[in-house]
Amino acid sequence: MKKFLTDVADLFIFTANFFVKFFRPPYEISEISRHILVLGLNSLFLISTSALIIGMVMSIQLTPTLEQFGAETLIPNMVAISIIREIGPVLTALVCAGKLGSAIGAEIGSMKVSEQIDAMAVTGVDHYSFLVVTRVVATTVAVPILTIYSVAISLLGSFIAINLTSSISLNLFFSRAFEYMHLYDVIPSIFKSLLFGFTIGIVGCFYGYNTTKGTAGVGKAAHTSVVSASLLIFFIDMLAAEISHLIIP
């Protein structure tokens with residue numbers, strides 16, 4: 001318990017330092033852009049595969065039940081609302097926690113144990129801004145973009161699954177999918193995705209920065225980054241759901 005509370009306090013201080021450095025120039029725009037591109041491409045295949053399968057499975061599972069009540073026309077809308085509100089953001093965040101969180105923790109951890117961070121400090125480089133701020137901003141931007149992509153692929157998977165047993169045009173499918181969609185279905189998801197991306201970046205950087213015990217510590221930092229980020233994603237998702245239900249009638 002003492003170690004847990006110490007880690008929470010250290011993470012809070014680490015996060016507060018991020019916001020201090022974030023508003024202080026120089027702004028590493030080119031480095032942020034590079035990380036967004038690299039981190040996004042690294043997760044693209046796994047997100048595409050997972051999202052496509054989830055969309056197909058949801059449609060396949062819903063079809064027999066709704067057909068009993070003659071409500072099979074509601075399948076596109078039910079799938080769309082479920083994916084946009086909950087499944088899309090959480091699925092994307094968990095995939096990114098596994099891919100990006102571990103990569104960030106291992107990369108910064110390797111730099112820590114090989115004393116590259118100390119070398120940057122000696123040369124006068126603001127290593128926190130260059131290593132941490134750029135990666136956290138990149139994940140905060142990349143995860144919402146990947147979530148939008150994941151939702152689109154999931155809906156495509158749903159469309160393919162429905163056409164395996166019946167015939168529906170793409171225009172009609174998307175018309176039904178967004179027939180009862182409202183703005184308050186979308187805004188909480190975007191907000192959650194931003195928080196998920198920030199959490200993945202800050203947790204990965206935190207454990208990478210606090211790596212010890214050589215190469216074994218690098219592996220531990222990567223593993224702990226994934227586990228901690230995944231747990232925080234579920235916790236943030238629960239809080240966001242409660243808050244959205246209180247705010248949105």
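Computed quantities for the displayed model
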{"quantity": "Residue pairs meeting the criteria (Cβ under 6 Å; at least 6 apart or on separate chains; first touching a residue at least 60 places away in the same chain (Cβ under 8 Å), in segment 111-133; second surrounded by 13 or more Cβ atoms within 10 Å (Cβ to Cβ) and of a type in the set (Phe, Trp, Tyr))", "calculated": "VAL133/PHE22"}
{"quantity": "Among (1) in contact with a Ser or Thr (Cβ under 7 Å, 6 or more places away or on another chain); (2) more than 21 Å from LEU11 (Cα to Cα); (3) not hydroxyl-bearing (Ser, Thr, Tyr) - the single one GLY109 does not satisfy", "calculated": "(2)"}
{"quantity": "Unique match (being part of a helix (DSSP H, G or I) and at pLDDT below 90) among THR65, THR92, THR134, THR140", "calculated": "THR65"}
{"quantity": "Residue ID - most open to solvent (accessible area, probe 1.4 Å), chosen from residues in segment 40-69 that are touching a helix residue (DSSP H, G or I) at 6+ places or on another chain (Cβ under 6 Å) and either more than 30 Å from PHE174 (Cα to Cα) or of a type in the set (Val, Ile, Thr) (or both)", "calculated": "ILE60"}
{"quantity": "Test: PHE196 is of a type in the set (Phe, Trp, Tyr), buried (at least 23 other Cβ atoms within 10 Å of the Cβ), under 11 Å from the mean Cα position of the chain (by Cα) and part of a helix (DSSP H, G or I)", "calculated": "yes"}
{"quantity": "Single condition GLY124 does not satisfy, out of (1) part of a helix (DSSP H, G or I); (2) surrounded by fewer than 24 Cβ atoms within 10 Å (Cβ to Cβ)", "calculated": "(1)"}
{"quantity": "The one condition in (1) open to solvent by less than 20 Å² (accessible area, probe 1.4 Å); (2) free of Cβ contacts under 8 Å to residues at least 24 places away in the same chain; (3) not polar (S, T, N, Q) that PRO76 fails to fulfil", "calculated": "(2)"}
{"quantity": "Any hit, segment 97-112, residues being touching a helix residue (DSSP H, G or I) at 6+ places or on another chain (Cβ under 7 Å), among the aliphatic types (A, V, I, L, M), surrounded by 21 or more Cβ atoms within 10 Å (Cβ to Cβ) and within 25 Å of HIS245 (Cα to Cα)", "calculated": "no"}
{"quantity": "Criterion (out of contact with any Asp or Glu (no Cβ under 9 Å at 6 or more places or on another chain), part of a helix (DSSP H, G or I) and closer than 28 Å to THR63 by Cα) met by exactly one of ILE243, ILE160", "calculated": "ILE160"}
{"quantity": "Residues of segment 2-32 satisfying the condition of being in contact (Cβ under 8 Å) with a residue 24 or more places away in the chain, open to solvent by 50 Å² or more (accessible area, probe 1.4 Å) and farther than 19 Å from VAL203 by Cβ", "calculated": "ARG24, PRO26, GLU28"}
{"quantity": "Selection count, segment 175-184, where residues are more than 21 Å from HIS245 (Cα to Cα) and surrounded by 15 or more Cβ atoms within 10 Å (Cβ to Cβ)", "calculated": "2"}
{"quantity": "From the options ILE187, ILE168, residue that is among the hydrophobic types (A, V, I, L, M, F, W, C) and open to solvent by 40 Å² or more (accessible area, probe 1.4 Å)", "calculated": "ILE187"}
{"quantity": "In segment 199-221, the residues that are open to solvent by 50 Å² or more (accessible area, probe 1.4 Å) and β-branched (Val, Ile, Thr)", "calculated": "THR212, THR215"}
{"quantity": "Qualifying residue in segment 224-243 (condition: without any contact (Cβ under 8 Å) to a residue 12 or more places away in the chain and either charged (D, E, K, R) or open to solvent by less than 30 Å² (accessible area, probe 1.4 Å) (or both))", "calculated": "yes"}
{"quantity": "Residue within segment 111-133 that is of a type outside the set (Asp, Glu) and within 28 Å of ILE187 (Cβ to Cβ) present", "calculated": "yes"}
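The values are calculated or read from the model by the stated rules, or taken from the named source; none is laboratory data. The structure displayed is predicted, hence computed values, not measured ones. Here Cβ is always computed from backbone atoms with ideal geometry, including for glycine, and neighbour counts include all displayed protein chains. Please note that ligands, DNA and RNA were not included when accessible areas were found on the heavy atoms of the full protein model with its side chains. Shrake-Rupley method; radii C 1.70, N 1.55, O 1.52, S 1.80 Å.
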